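Just below is one structure, and these are the notes that go with it.
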Amino acid sequence: MKRVTALFGIATICISLFACSGGGSSEAKKALEQYIKALKKNDFQTLYDLNSVTQKKVALIHRSTEQDKEGSLKKNFEEYKAMFDSIQGNEVSNAVWSEKFLFPADSKHTISNIIIEEDKDSVTAKFRKRWIAKVEVKVSYPNRDSAPIYGEELLKEAVYAVVLINGEDVVKGLKKTNVVKDWLFKNINIKEGEITYWPAS
């Protein structure tokens, strides 16, 4: 029983150390702030560097044995950039890159409730620990003309649940550990019950 208690204590300490270290909540918040800033500026290069979908592909290219890796990396960037540019409209959805409509340049946001935990839903969770950061972002839209649409109504204020994944999980096995950033954006979902709409005009 003492051994189990000791192991549990060690695990708790490890999680606490991770959460307080450079890979913890402060770095997760910094990465999300960078991502949101890039969304407001339509800075695709930064979005590409901080997105888990694109960076998993980058890691795969680095792992490959192909000769023209630089050519493949350039092609990968161009394909995702074309996908990003092709998305139209301003409705809240779960589509890839749909977050581009959630943070117009005139929106205001507050990041809070950052929780670092194990990603027990991951398919690789049975073999090794994977870390995620769950974050809440409150966004207000002072201009109805640029506000996103949700449920056929214009949002005035909303709270979103954001998930970031630890970048090390993407680059496992690579010699170049600086291929991706510490934290990568995974997804964002609106929180029901924490929404305010603009009144009908």
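Some points to look at:
- Complete set of residues in region 33-62 that are in contact with a Leu (Cβ under 7 Å, 6 or more places away or on another chain) and within 14 Å of ILE165 (Cα to Cα): TYR35, LEU50, ASN51, SER52, GLN55
- Residue that is surrounded by the fewest Cβ atoms within 10 Å (Cβ to Cβ) [pool: residues in region 145-167 that are in contact (Cβ under 8 Å) with a residue 40 or more places away in the chain and assigned to a loop (DSSP other than H, G, I, E, B)]: SER146
- Members of region 57-96 that are more than 15 Å from ALA147 (Cβ to Cβ), assigned to a loop (DSSP other than H, G, I, E, B) and touching a residue at least 24 places away in the same chain (Cβ under 8 Å): ASN94, VAL96
- Flag for ASN113 being of a type in the set (S, T, N, Q), assigned to a strand (DSSP E or B) and either at pLDDT below 95 or surrounded by 12 or more Cβ atoms within 10 Å (Cβ to Cβ) (or both): yes
- Summed over region 26-67, residues that are under 17 Å from PRO104 (Cβ atoms), out of contact with any strand residue (DSSP E or B) (no Cβ under 9 Å at 6 or more places or on another chain) and crowded, with 20+ Cβ neighbours inside 10 Å total 2.
- In region 101-114, the residues that are without any contact (Cβ under 8 Å) to a residue 12 or more places away in the chain form no Cβ pair under 6 Å with any partner that is surrounded by fewer than 18 Cβ atoms within 10 Å (Cβ to Cβ), whether six or more places apart or across chains.
- Residue among TYR35, TYR80, TYR48 that alone is under 21 Å from VAL159 (Cα atoms), aromatic (Phe, Trp, Tyr) and either under 20 Å from the mean Cα position of the chain (by Cα) or modelled with pLDDT of 90 or more (or both): TYR35
- Candidate set: region 97-106, residues that are part of a loop (DSSP other than H, G, I, E, B) and either surrounded by 13 or more Cβ atoms within 10 Å (Cβ to Cβ) or charged (D, E, K, R) (or both); chosen: the one modelled with the lowest pLDDT: TRP97
- VAL180 being within 30 Å of GLN88 (Cα to Cα), assigned to a loop (DSSP other than H, G, I, E, B), under 17 Å from the mean Cα position of the chain (by Cα) and at pLDDT below 95: yes
The values are calculated or read from the model by the stated rules, or taken from the named source; none is laboratory data. Since the structure is predicted, the reported quantities are computational estimates derived from the model, not experimental observations. Note: ideal-geometry Cβ built from the backbone for every residue, glycine included; neighbour counts use all protein chains shown.
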